[in-house]
Structure formats: structure tokens, C-alpha cells
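Each remark here refers to the structure printed beneath this line.
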Amino acid sequence: MISVKNEALSSREYRGVQQIVGPLIIVDRIHNVGFNELVEIRTSGGEEKLGLVLEAGEGMAVVQVFEGTTGLSLPDTSVRFRGEALKVPVGKEMLGRVFDGVGRPVDGGPRPIADERWDVNGVPVNPTARTYPKKFIQTGISAIDGMNTLVRGQKLPVFSGAGLPHNKVTAQIVRQAKIVGEDVSFAIVFAAMGVKHDVARYFIDNFQQTGVLENVVLFLSLADAPSVERLMTPRTALTIAEYLAFRENMHVLVIMTDMTNYCEALREISTVRGEIPSRKSYPGYLYSDLASLYERAGMVEQSTGSITQVPILTMPNDDISHPVPDLTGYITEGQIVLERELAQRGIYPPIAGLPSLSRLMKDGIGPGMTREDHAHIASQLFAAYAKVKDVRALASVIGEEELTPLDNLYIKYGEAFEQQFLSQREDEERSIEQTLDLGWQVISLLPKEELQRITEEELVKYYGK
Amino acid sequence: MYKVIGIVDRVLGPVVHARDVVHAQMLELVEVGEERLIGEIVKLQGNRISIQVYEDTTGLAPGASVYGSGMPLSVELGPGLIGSIYDGVQRPLETIKHRAGQFIPRGIKLPSLDRERRWPFTPAVRQKDAVSGGQILGTVPETQRILHKILIPPGLSGSIVDIKPEGEYTVDTEIAVVRTAQGDRPVRMFHPWPVRRGRPIKARLPSDTPLITGQRVIDTLFPVAKGGTVAVPGGFGTGKTMVEHQVAKWSDADVVVYIGCGERGNEMTDVLQEFPHLIDPRSGRPLMERTVLIANTSNMPVAAREASIYTGITLAEYFRDQGYHVAIMADSTSRWAEALRELSGRMEEMPAEEGFPAYLPTRLAEFYERAGMVETLAGEKGSITIIGAVSPPGGDFSEPVTQHTKRFIRAFWALDRDLANARHYPAISWLDSYSEYIDDVTPWWTREGDPEWPRFRHEILDLLQKESRLQQVVKLVGADVLPDTQRLILEVCSLFKNTFLQQSAFDKVDMYSTVPKQVKMLKIIVMFYRWGLDAIQKGATLLKLRKMKVVSDIMRMKFSVANEETEKLDALAGRLEREMRRLGEIYDISEK
Ligand SMILES: Nc1ncnc2c1ncn2[C@@H]1O[C@H](COP(=O)(O)OP(=O)(O)OP(=O)(O)O)[C@@H](O)[C@H]1O
Ligand SMILES: [Mg+2]
């Protein structure tokens, strides 16, 4: 390795770096810089890049370069330390615009006039200042509204797999999400990390068709952008979301896709730095890192806005125990799991009946919010569907003919549940009453005695109606 | 009090290294840089130290000063703890909110105990009384439920030369002066205690009293004794937090310390908003009047997560020392272990299994060792029961944290993914869970519950085992081929699972069950089996059994019979017996 001496261009700027390792550069013989400080890097060709200080030593720094280090040379790169963390301009003007992963406009428009500049890392919310999310969001999708209810301020990811219709499902959620009886629409913050152009295009077209584009802020760090930039994309997006929600009191829906790509970028940096790896070579701090994003959902006192997060991730090999879905599930307030088997049988949306869960459901449903029977019918649909799985397994061994009459009813219920309750058209928006009535319709295929999670009064009122 | 003891020369996230260090002590509390971020010395090597910093280190640069306090990281122990919510290093989050708004700024320093608030104090000693550490100096009614006992700090002994009369004082008032061999020492209503050092006790005692949690599957099948240790492992969404919350709400502990360690902010908010409105059935007072919360949520600094466990257990010990039975929940100990791993990694220590430091088991042991039933220095009986959630990656219990934890706990409430998916809550597996406290608490249950209790419990566990074997057969050939005597086992177990084991945390009636309700429900189900078997042996069919009118009432008994009206269960048992006998008689006669 050649050693290059750097030259101080000013008190904060230097020419020449000592080492380039993957997406990292090491600069020494500099003044002492701060941890996590923003760095501007200029190539000999005049190209500007941004980076962050990952490690601050005496007279040296390890810097991670968002746009990657291609094109950098040891002697001709100049590095300027900004003396502050990465801050992005925030303002209502950003609605309707498209930015890259670090908040620079890429739609050809001018830099937005920012009201303020906020630190992308955010600041932890004091748990005593949070407002517990309780307000039911109707998505018009039965599998969600009926069984995995989303509430305003929740973080509810979509766990998907390659080739499954997560984009369709998410787009449908975005199109149909509303609070019944309220006339406020959601502002949408959309962060794309490492996904292909057509995915971004699909969402943009969708926003356009529904006429909400001027209510959307897009952050695109697509597959051809350097992977490190993905690390900043969700942070930038969430910073704007926080501004809109907590300063402008708007209800914000944040879509982040694909979190698996984000995690891979994190793994890449960690590997280059030679950190002790944890499961599947992901760094041990993956949990904390993901939490620093997902925990930025919610509501706080003194502001009437909210941040609802719907992150999307693809499970490598459809494996829900892979570190990315696993650690996500440990942080988020439930998950909507898409199932390949349902999709292959042509069922849309292929929302898995059992592993999907909404943890905030209990507070958003019931009399005055949805309907008094909601909790019980949902629980019963789950329980009965679990039984269907057992019966199907049995049928595959002994043959359907050998099943008892009761087991046969379960088979019938399973079919109806999947074909009538789960299945719906992409443009079909069901009211919560329709969803619950459908639930009763399919559960009524089972004899009353089997419905142990439902009260006598509910049976009288709804069973077989 | 603070003076410069070294200069920062490397910043690696939450771990900061410093050079040219003089007069530093291991585990000393320090402040770093101009923002005075708080940290703790975790490694001393020649004139170099490593510090774990409890706040975000963004912007911290080499060259910054390290200020030593000369003291270990400590908590303040005195009136005002109950009902409070603290971060991992005991900073008062409610006060921080009033000072700084909805976000937690860096470098903020506020006393843990309110210095302005006046507490009514009643002395319990007089001039010239000989006193020693742990002895009760006086009392303060902290809440309507907790009489806070002001203790002589452990280690101090001598005679009282001055004691304040009954009256209202702030926590830092010198409430007494103790003449010791080293001179006169003032005593305040609070004293500091280093979090990493367990508080002294007089003796450890055996425990024969269960911690009643009101959760049937726990109390009846896998009980924990007061002073015991439990692990609650489970994959995401299987119900660890719900179990911890249920125990925090309904257990018969005097004081509850709840540590949210690296988990969700909303879960702490939930407790904060719910507990003041929930009434403790035993005292008739809001649950918040016995609860202390420690919150280091997953987005708060990782080093403070490591400390939060010790902060919590030290507060628990303090209430134990006042003669209380304390239950402490740590959700999740895995996040604590991961914090340990992250800090260890940043200090470039040699990793052992899965990157965890080799001292992980030692640390786990030290934590769980701080549980127990004890005789306090003041000669009273107090206890700490630890209930630690474990979040194994991929829900796989063979990983290091679960495995090592298992060595130090004696009750294991294993949460099962399939049960959770079928919405069988609490998803505590009856096959994988265990309790080693059963022999300890059996006398209590036969005395307070039912003399037959051990037999009922044994019988139902036995049926569950048999059922799980029968299910293997059923999976291959269906249930139809089994004789009715075996199908009865399936039937009874299904009844037991649905009515007894499943317990809804959200149902007003079902959310907790008193001991009599549990015992009577158990008895009804066991008797259903015994009498049912008898009837079948006499010739009745399972179908007939199922069709009895009483069955649907049994199925709904948990919802329909409130804790205060368990005599209805006696009536139900009576009806069951009559209907069963009638069934049996029909066949008895027809046979003759
Ligand atoms: N006893 C119960 N009664 C009703 N619902 C329950 C019960 N236990 C668990 N649940 C349901 O399961 C969901 C998940 O439970 P919980 O949040 O306790 O899981 P967890 O194991 O703590 O998950 P994580 O590790 O991700 O924090 C709850 O939101 C609730 O819907
Ligand atoms: Mg939890």
C-alpha cells in the first residue's frame, strides 16, 4: 500500500486520504473530528459525495461514503468535515417531490425552500410523551381490517417473498386507507431502498392515478445507486415524516421498501470493518439499528399528527426466522405475512391466516370503533383456521373420505375462508361491517358448539345471519 | 466534585477510549466532553480506560475531557420511587418531559428523586438508640398502599444523636445524625447505592409461598415461589410482554419493578396509561401505587440498556429490604445480553458463542442470584421474584442466552409459536414448560386451595401427556378409530385447553382468576374425566357426554363466573355430577 500524505486545505478540509476499503475511507493527520459527523468528499473529477464518521480517533477518522468509493483516488480526493451530523432540509414544500437517499432533489426541480434542517438520526421520544395509538384505519382489505387491524401510529410491516404481490397489497393499502368518519387524508412518505426502477415506477403511477402524488414525498435509492446510500434513505424519509407529523400535525403513512436491502447494506459495512458478526453475518447491532428506524413511528403529546409505518421486506427463501424478518418482528407491532402457497392457488391478497398479527388491534376495535363482536369473531376465525390446517394435514394422510363429518365441515370452512373472506379484488374496498359480516358468514359453516370464543349473545345476533 | 481524569482519544459509538488517565476507578461514574455525557469506566489498563457512554455520542471528538466523579454508578433510594418512570440510569423521564419536551435531549441531568416534594415522616427510633445498617429509622406513607421505610444505609452503625420529630421533610433533609466510630454521620431520607453491588441481607430463607399471578396456567401448572426465578422465552409475538404485563398487574406482590429493556416505547406508554386506572383487587388501590418503571426502549442508547437491569434490581432490593415482596419483570433479558455483546465487541474483546462475551453466563448468574426470599438486616422477611423474558433469535431455544439462563432459573414458561398462531393465549406450552417450585408450594395449595389439589394437578398433567401421544396417532389415522375411553382424553384435554389454559388478558372477568376459582375450575374438569370415564365404562358414548347440557356451561364458566361468585362453580360441579350419574344409570339399568 502506498502511503499518501494529505494536505490541509483549511481547518476542516484536507486533500488526500490514506486508505480506501470498500465503501470506507480512512483519513489521518487531520484535526479531531466528531463521531457520526457529516463529511463531504470531492473526487478529482469534481464529483461530490457524502459520508459519515464511523470511528473518530486522534487525528484520524474512518468515514463511510454513501455513494460508494468508486472513482476515488488516494491523493486527489478532498475531504471536508462539516462539524455536524447529517441534517436534511424539512418543509411542507417537499410534498410532491422526489429526492435521493440523502435528500437531494432528483426530479429536476429546485432545492426546496426548507423551513428548517433536521438531524436525520432523530432523537428518541420520551416514552412518557407518547400517545398510545388507538384509531382504527380501514384499509378495505378483510384480512387486515378483520383479523390484523391496523391503527394510526402503528408500525406494521409486510413480510413477503420474491415474486409475491407485496407491492400490489401495499399500494392497495395506501389507496384505500382511511379513518371512518374523518375527512383527513394521509400524507405519504415513500422510501425505496435497492429496489428496481419499475417498482418505484409502479408506486409513482399508482399515486398519480389516485391523484395523491402532490401528497407524497419520495426518496429513491434504487438498485443501481450505491448500497451505502440505503443506510441513510429511511432516516432521511423518517425525518421528513416526523416534521410533517409532529410539526405540521399531519397524518403520515411511511412506506419503506425493501428493508432486506437496507440490512444487506448494513452487513456490508460491518463486514468491511471487520466487526464480529452475529447470525448470518449480520452485525450484532442489527436489532438496535432497525429499532432506531421502526421506533420512529407513533404519536406524541402536543401534536395531533401521527406516523404509521408499513415497511416491506422480502424474506430470503421465504424464511421467517431469517434475521431480517425475525428482528423486524421483534420490534414492530405485528406483521402482515404473505404466503406463497396461497398466492400459487391464485388467492389475492395472499395474506397468511396464522402468522399474521396486529398487536395494537385490541385497542382499535370494539364498540364505538368497529363493532362489539370484532374481537371474538376475529379470534374464532383464527382458531378455526388453525384447526383447518390440522384437518388438511390429516386428510392428506388418510384421505378426505375418511374424515369425520365435523372435520369435513372444517374443510368447507377453510375453503370459504380463503375464497370468500381472504380473497378480494385489487380494487375492492370492503367496509368493516362487510368484512365482519363475511367473517360470520364463513364461520357459520361450523356448528355452534365449535365456536367457543364467541359469546351466546353474539351467536344469537350474528350466527347464520 | 468532578475533575478531569483523562483525554478522549477514540470514539466508537457508545464506547469511548481515553488516554493519560489518572485516578480512575473501575466502574466509576464519569462525564465525557463539553456536553457532559454520562458514562461508566468499564476497563482500566495502565493509563488508559474504556468508557461506556449512556447517551448518544454523535459529535464527540477525540481531545475531549473525561471528568471523574470518584463514585460508582449509583441509584438514589428513598421516597418518590413508586409510581415513577426512569430511564436505564435512573433519570426521571416524567421530569425530563416537563423540562425538555417530548424528546430526550443529551446531557440532561436531573435528580432521580424530587428534591422539592415534602413527605410526612414518622420516626421509629429515639435519641441514643443503637442502630445499624438496614434498620428502620422511620416511615413515610409513600402511597396509600406502600409504607416506605427509611433505612439506615447498609454499612453505617452507631447511636442516634439526633432524630427529627414527626413532620414533613424533603428527601435531602438530614433526618438523623448517627454517631459512629468514625464520627457523626448525617442520614437523609434517601441514600445512594451502587447498582452493580447487591445489597446485604441477614440470611437467605427457603420459600414455600407461591407468587399468585392470577394466570391459571402459571399458578396451577407451573407456579413460581416468592423469591423464585423464571424465564419466559418465546419468538416474536408469542406473548412474552403480555405475560409480563399480566403478572405485573395481577400478581400478589407488594411492589412491582418493571424493566422495559430494549423493547417498544408504546409498551411503556401502555403501562403508564393503564396502570393508574387499574385497581389492584387486593388493596383496592390503583396498580401504579405499587409500581416502578424503568424504560430503556430499543431506540435509546444501548449502554444504558445494559445498566437498566442493574438499576431495576437495585430498586427491587431496596423495597425487599423494607420487608416487601417484590416482583421484577425484565423484558427482555436478551436485549440486555445483546447490549453486552455490542459493548464487548466495541471494546474488541474476544467473543465466545455467537459473538457474546465469555462472561455472559457469569453476568446472568449474578443477576438471577439477586432474587430470593431473605431475612432483611432489620430482621423482616422480604423477597424478590425475577421474571425475565428471553427473545431467542428465530424462536430457537438452543441459542446461548436461553441456554445459559436455563441454568440459573427454576421455572420455565416456554411460549409456543403454534399456540400463539392459533391464538391460544397465553401460549405457554404445557409440554415444554416446567417449574421446580412445585414441591415447595404444594403445602400452600393444599392449605389455601384444596386438599385434593396435588392430585388434580397431577391427573391433568398426566392426561395432557397422554393426549400428546394420542395426537400422534390421530395425525396418522384420525380420531375415529380410537375407543371412546381414549377419545374422552382428547375431549377433556381440549376442554381443559380451551377453558382453563386459555385466558384472555382483555376480558374483564377472565383476565385474572383467584385461587378458589382456579381450584374449582380444575376440579370440574378433572371430575368430568373421572365421571365421564365411569359413564363410558358403563356403556355411555362420548357423543352422549358431549351433548350434556352442562358442557356448554363448563365451556363458558371462565367468562360467566366472576371471581367473587365461585359458589356458582360448586353448583356447576353439582350439576355435572348429577347429569353424569344420570347418564351412567341409564346404561347401568339397561345392562341389567
Ligand atoms: N393472554 C393474552 N390474551 C390475549 N391476547 C394475547 C395474550 N397474550 C398475547 N396476546 C396477543 O399476542 C400479541 C403479542 O404478544 P406480546 O406483545 O406479548 O409478544 P412478545 O412475545 O412480547 O413479542 P416481542 O418479542 O416481539 O416483544 C399481543 O399483542 C396480543 O394480541
Ligand atoms: Mg414483547
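The values are calculated or read from the model by the stated rules, or taken from the named source; none is laboratory data. Bear in mind the structure is a predicted one, so any value in this text is a computation, not a measurement. Neighbour counts are summed over all protein chains in view; Cβ atoms, including those assigned to glycine, are modelled from backbone coordinates with ideal geometry. To get the accessible areas, we keep the full protein, side chains included, count just its heavy atoms, and leave off ligands, DNA and RNA. Shrake-Rupley method; radii C 1.70, N 1.55, O 1.52, S 1.80 Å.
Some observations on this one:
- Take B:R581: with every protein chain present and a 1.4 Å probe, its accessible area is about 120 Å².
- Of A:R201, A:R15, the order by accessible heavy-atom surface (1.4 Å probe, DNA, RNA and ligands excluded), from most exposed downward, is A:R201, A:R15.
- Pairwise inverse Cα distances across region A:7-84, averaged and inverted, put the Kirkwood hydrodynamic radius at 11.8 Å.
- Estimated vicinal HN-Hα couplings, Hz - region A:35-45 in sequence order (Karplus 6.51, -1.76, 1.60; Gly, Pro = x): 4, 6, 6, 6, 10, 9, 10, 10, 7, 4, x
- Computed FRET value (nearest 0.05) for A:I113 with B:R36, which takes r as the C-beta separation and R₀ as 41 Å: 0.65
- Under-5 Å amide H pairs with B:T376, H placed in peptide plane, nonlocal only: B:K202, B:K381, B:G382
- Relative to the longest principal axis of the Cα atoms of chain A, the long axis of helix A:166-176 makes an angle of roughly 80 degrees.
- Computed from point charges on the beta carbon alone (+1 for Lys and Arg, -1 for Asp and Glu), the dipole magnitude for region A:7-84 about its Cα centre is near 80 Debye.
- Shielding by partners for peptide B:50-63, expressed as the average number of C-beta atoms from other protein chains within 10 Å of each residue's C-beta, is 5.
- Alpha-carbon Debye profile of chain A, log10 I(q)/I(0) at 0.10, 0.12 Å⁻¹: -0.77, -1.02
- Taking the average, over residues, of other Cβ atoms within 10 Å as the packing measure, peptides B:37-43, A:66-72, B:452-458, B:125-131 rank B:37-43, A:66-72, B:452-458, B:125-131 from highest down.
- Sum of -39500 (n - 2.57) over DSSP H runs of 4+, divided by residues of chain A (222 nm, nearest 500): -9000 deg cm²/dmol
- Residues of region B:510-538 with amide N under 17 Å of a point placed 7 Å along Cα→Cβ from B:H458: B:523, B:526-527, B:530
- For a label point 7 Å along the Cα-to-beta-carbon line of B:R197, residues of region B:47-85 with backbone N under 16 Å: B:69-77
- Put simply, the amide H of B:R185, placed in the peptide plane, has neighbours under 5 Å in B:V178, B:R179, B:T180, leaving out anything fewer than 5 places away on its chain.
- The coefficient of translational diffusion for region B:378-482, derived via Stokes-Einstein from the alpha carbon Kirkwood radius under 37 °C and 0.692 mPa s, stands at 193 µm²/s.
- Cα-based equivalent ellipsoid, region A:260-334: semi-axes from gyration tensor eigenvalues, Å: 26, 15, 10
- Each of B:F559 and B:L543 was given a label point 7 Å from its Cα along the Cα-to-Cβ line. The distance between the two points is 2.8 nm.
- Rounded to whole Hz, the Karplus (6.51, -1.76, 1.60) HN-Hα couplings of region B:531-544, x for glycine and proline: 5, x, 4, 4, 5, 5, 5, 7, x, 5, 9, 4, 4, 4
- Cα Rg, Dmax, chain B, angstrom units: 27.6, 100
- Ranked by solvent-accessible area (1.4 Å probe, protein heavy atoms only, all chains present), the residues B:K381, B:K109, B:K547 order from largest to smallest as B:K547, B:K381, B:K109.
- Per residue, the convex hull around the alpha carbon atoms of region A:376-465 comes to 95 Å³.
- Area projected by the alpha carbon convex hull of the protein assembly as shown, averaged over all directions, nm²: 44.5
- Here the relative contact order of chain B, from alpha carbon pairs under 8 Å that lie six or more residues apart, stands at 13 percent.
- Basic side chains Lys and Arg get +1 at the Cβ, acidic Asp and Glu get -1 at the Cβ, and with that the dipole of the protein assembly as shown about its Cα centre reaches some 1440 debye.
- Under 22 Å between alpha carbons - lysine pairs in region A:88-364 that sit 8 or more apart or on different chains: 13
- Across region A:135-238, the mean sequence separation of Cα contacts (distance under 8 Å, 6 or more residues apart), normalised by length, yields a relative contact order of 26 percent.
- Karplus (6.51, -1.76, 1.60) ³J(HN,Hα), θ = phi - 60°, over region A:417-425, in Hz, Gly and Pro reported as x: 4, 6, 7, 9, 7, 5, 5, 7, 6
- Protection proxy ranking, highest mean first, for peptides B:251-263, B:110-122: B:251-263, B:110-122, where packing is the per-residue count of other beta-carbon atoms within 10 Å, averaged.
- In chain B, the longest principal axis of the Cα atoms and the axis of helix B:333-346 are about 40 degrees apart.
- R0 of 45 Å, Cβ-Cβ distance A:E13-B:L44: FRET efficiency to nearest 0.05: 0.75
- Here B:K3 and A:D198 are evaluated by their C-beta separation; at R0 = 51 Å the FRET efficiency comes out at 0.25.
- Scanning residues 5 or more positions from A:L222 or on other chains, those with amide H under 5 Å from its amide H are A:G194, with H placed 1.01 Å from N in the peptide plane.
- Percent antiparallel among DSSP beta bridges (both partners in region A:88-364, rounded to 5): 35
- Principal-axis tilt of helix B:240-250 within chain B, Cα atoms, nearest 10 degrees: 90
- Candidates B:S468, B:S308, B:V66 compared by Cα position along the dipole of chain B: farthest toward the positive end lies B:S468, with charges placed on Cβ.
- Within 10 Å of each Cβ in A:110-123, the average number of Cβ atoms from other chains: 1
- Other protein chain Cβ atoms within 10 Å, averaged over every residue that makes up B:346-357: 2
- Highest-first packing order for the peptide set A:105-118, A:242-255, B:287-300, A:77-90 is B:287-300, A:242-255, A:77-90, A:105-118, based on the mean count of other beta carbon atoms within 10 Å.
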